[in-house]
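Here the structure comes first, spelled out in structure tokens, and everything after it is commentary.
The values are calculated or read from the model by the stated rules, or taken from the named source; none is laboratory data. A quick note: this is a predicted structure, and the numbers were derived from the prediction, not measured. A quick note on method: Cβ atoms are made from the backbone with ideal geometry, for glycine too, and the neighbour counts reach across all protein chains shown.
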Amino acid sequence: MITKISNLISENKSRENIEISGWVKTFRSNRFIALNDGSTINNLQCIIEYEKFNSDILKKITTGASLQVSGNLVESKGKGQTLELVVNKLTILGESDPELYPIQPKKHSYEFLREKAHLRIRTTTFNAVMRIRSVLSFAVHKFFQERNFYYLNSPIITGSDAEGAGEMFRVSTLKNNNTDFKSDFFGKETFLTVSGQLEAESYALGLGDVYTFGPTFRAENSNTSRHLSEFWMIEPEMAFYDLNDNINLAEKFIKHILRTILNKCSNDLAFLDQNYINEQKKKPLSERSDMGLIEKIKFVVENNFMRISYTDAIKILIHSKPNKKKKFKYIIEKWGCDLQSEHERFLVEKHFKCPVVLFDYPAKIKAFYMRLNEDNKTVRAMDILFPGVGEIVGGSQREERLEFLLKRMDEMNINKKELWWYIDLRRFGSVPHSGFGLGFERIVQFATGMSNIRDVIPFPRTPQNAEF
Ligand code: 4AD
Ligand code: MG
């Protein structure tokens, strides 16, 4: 039976006759192999007595090659590790030509590694990021399951544009410029979903509390460090919740999953913390974060999020500049305009210096399904803004009143025929309800300190890029 290096390290005691497998990180002095099997950030030092192995085998122990080794685990005499494996048997599982293997034991740029996304997981950084991603996703399920939310698998192929922004990828089997969708596979126009929210609303109005956690797709041409064309979203939807209940849940939820990685991923985080600090040093002083990564996560977990209405935020922004010399690129002139990420980041990073929940946005700049306030101007929307990544959550209390919904759909040119079933939900047993969407990669980005969202999803899809 192959033992995982993570188990050996957590047991931390000598053992005889163990067998491990992994990939060679480095091989020094024909004697010391640093082996990693992906189970932990720590390599296991394996010691071979080269006199015992023939030179053909020794030549094949190169960075990237895969090995199986067996021997005795003993206390290390060297520095840097407490245990090491004295190898008595070694098998090369897969060779790796050192002239051709792209992942050398040195620092590669993230841009370079993106082109080698099939091999970048062999690096310490991607290994750590993807372990944290996995722990975070399990924490998502644990949080909701412990609160009796039901996991809903909303459809990936849909006819409706949930956000009404028209940024959808068509799903079609039609050939030769045929646009007769009646003869298409589903007998109608279909797309990849931009959000599972509308279906989640239907299920919340029967199951009570549900959440989705699945891939969503947006055909927006945003080539930024925070946008993907395919990303994962968590969308809880709760019957009988108002906007405040919704915000409270979102805050608790985010803190829970971040606390989980502080507890479970301390070694990976310690490594990424160092990475983060080094990356910060490359930035101009004004853009540097004055906290380390772990410090930043703890700060979010331990402090209340600042809650402020859109109207109050605008008052602050009209009178502010991002710094003494510079103005905002988009000047906020009056109430009603949408915030750009520079404004969001100003509020979070400069003004309040903590996560910010903005609520009650102008109806005109938000989706059709949000509940209209008594002022007839604003809707019960909320966005949660985070340092570095900007908007991490978008949510709202939903419009549960039939006439109000129909009016908003008309005003915003939403296809009522397509959404007949959504309107039905307001006809039969409608109740107040709320929900939000957390962009999973944005929270992974925050939790790992990676500056580009393309480096926190295994195979990123972005405009002009769907390799692998
Ligand atoms: O604000 P959004 O568009 O809201 C919705 O989709 C609602 N249906 C959610 C709901 O109320 N159930 O998206 C929600 C979150 C954003 O706050 C952001 O974190 C993330 O999804 N997101 C993206 N992440 C990566 N790449 C993109 N292109 C993203 N667009 C949105
Ligand atoms: Mg949004």
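Points worth noting:
- The set of residues in segment 376-389 being charged (D, E, K, R) and within 16 Å of ligand 2 (Cβ to nearest atom) consists of 380, 383.
- The strands (runs of 3 or more DSSP E) found entirely in segment 1-95 include none that carry 2 or more residues being of a type in the set (Ser, Thr, Tyr), out of contact with any Phe, Trp or Tyr (no Cβ under 9 Å at 6 or more places or on another chain) and on the phi > 0 side of the Ramachandran plot.
- Pairs where the first residue, in segment 44-57, is under 11 Å from residue 86 (Cα atoms) and free of Cβ contacts under 8 Å to residues at least 60 places away in the same chain and the second is of a type in the set (Asp, Glu) and in a strand (DSSP E or B), C-beta under 6 Å, 6+ apart: 45/84; 47/84
So that you can scan it fast, the table gives a plain yes or no per residue for (1) within 15 Å of ligand 2 (Cβ to nearest atom); (2) assigned to a strand (DSSP E or B):
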| site | (1), (2) |
| --- | --- |
| 346 | no, no |
| 361 | yes, yes |
| 364 | yes, no |
| 374 | no, no |
| 391 | yes, yes |
| 405 | no, no |
| 413 | no, no |
| 416 | no, no |
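Rundown of residues vs (1) under 26 Å from residue 252 (Cα atoms); (2) surrounded by 14 or more Cβ atoms within 10 Å (Cβ to Cβ), yes/no style:
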site: 317; (1), (2): no, yes
site: 327; (1), (2): no, no
site: 334; (1), (2): no, no
site: 351; (1), (2): yes, yes
site: 357; (1), (2): yes, yes
site: 361; (1), (2): yes, yes
site: 364; (1), (2): no, no
site: 373; (1), (2): yes, yes
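- Filtered by the rule that a residue be more than 16 Å from ligand 2 (Cβ to nearest atom), of a type in the set (D, E, K, R) and not in a helix (DSSP H, G or I), segment 132-164 gives a lone residue, 147.
- Of the set (1) under 30 Å from residue 324 (Cα atoms); (2) within 14 Å of ligand 2 (Cβ to nearest atom); (3) in contact (Cβ under 8 Å) with a residue 40 or more places away in the chain, all apply to residue 354 but (2).
- Counted residues, segment 170-196 - those being within 20 Å of residue 212 (Cα to Cα) and either small (Gly, Ala, Ser) or away from ligand 2 (no atom under 16 Å from the Cβ) (or both): 4
- Residue count for segment 288-325, restricted to those that are basic (Lys, Arg) and under 13 Å from residue 343 (Cα atoms): 2
- Neighbours by Cβ (under 7 Å, 6+ apart or cross-chain): first from segment 158-182, over 16 Å from residue 218 (Cα atoms); second away from ligand 2 (no atom under 16 Å from the Cβ) and basic (Lys, Arg): 181/188
- All positions within segment 418-448 that are of a type in the set (Phe, Trp, Tyr) and assigned to a loop (DSSP other than H, G, I, E, B): 428
Let's see how each residue does on (1) touching a residue at least 60 places away in the same chain (Cβ under 8 Å); (2) surrounded by fewer than 19 Cβ atoms within 10 Å (Cβ to Cβ):
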site: 385; (1), (2): no, no
site: 392; (1), (2): yes, no
site: 397; (1), (2): yes, no
site: 402; (1), (2): no, yes
site: 409; (1), (2): no, no
site: 416; (1), (2): no, yes
site: 419; (1), (2): yes, no
site: 428; (1), (2): no, yes
site: 436; (1), (2): yes, no
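- Verdict on residue 210 being crowded, with 20+ Cβ neighbours inside 10 Å and without any contact (Cβ under 8 Å) to a residue 40 or more places away in the chain: no
- Answer residue from segment 165-176, given it is at pLDDT 90 or above and part of a loop (DSSP other than H, G, I, E, B) and is nearest to ligand 1 (Cβ to nearest atom) among those: 167
- Here 96, 66 are screened, and the one residue that is in contact (Cβ under 8 Å) with a residue 24 or more places away in the chain, under 28 Å from residue 11 (Cβ atoms) and small (Gly, Ala, Ser) is 66.
- 1 or more residues aromatic (Phe, Trp, Tyr) and farther than 18 Å from residue 448 by Cα: qualifying helices (runs of 4 or more DSSP H) within segment 209-325: 310-318
- Checking residue 394 against (1) farther than 19 Å from residue 201 by Cβ; (2) within 12 Å of ligand 1 (Cβ to nearest atom), the condition it does not meet: (1)
- Taken together, 111, 199 contain a single residue that is assigned to a helix (DSSP H, G or I) and touching a Ser or Thr at 6+ places or on another chain (Cβ under 6 Å), which is 199.
- Search result, residues across segment 40-69 that are surrounded by fewer than 19 Cβ atoms within 10 Å (Cβ to Cβ), hydroxyl-bearing (Ser, Thr, Tyr) and modelled with pLDDT of 95 or more: 62, 63, 66
- Note on segment 160-181: among residues that are surrounded by 16 or more Cβ atoms within 10 Å (Cβ to Cβ) and either in contact with an Asp or Glu (Cβ under 7 Å, 6 or more places away or on another chain) or charged (D, E, K, R) (or both), the one that is nearest to residue 437 (Cα to Cα) is 163.
- Within segment 421-437, tally of residues that are within 16 Å of ligand 2 (Cβ to nearest atom) and not polar (S, T, N, Q): 3
- Filter result for the condition that a residue is more than 19 Å from residue 146 (Cα to Cα) and more than 16 Å from ligand 2 (Cβ to nearest atom), over 244, 248: 244
One line per residue, one yes/no per condition, for (1) aromatic (Phe, Trp, Tyr); (2) over 13 Å from residue 386 (Cα atoms); (3) free of Cβ contacts under 8 Å to residues at least 60 places away in the same chain; (4) in contact with a strand residue (DSSP E or B) (Cβ under 6 Å, 6 or more places away or on another chain):
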{"site": "298", "(1), (2), (3), (4)": "no, yes, yes, no"}
{"site": "302", "(1), (2), (3), (4)": "no, yes, yes, no"}
{"site": "305", "(1), (2), (3), (4)": "yes, no, no, yes"}
{"site": "344", "(1), (2), (3), (4)": "no, no, yes, yes"}
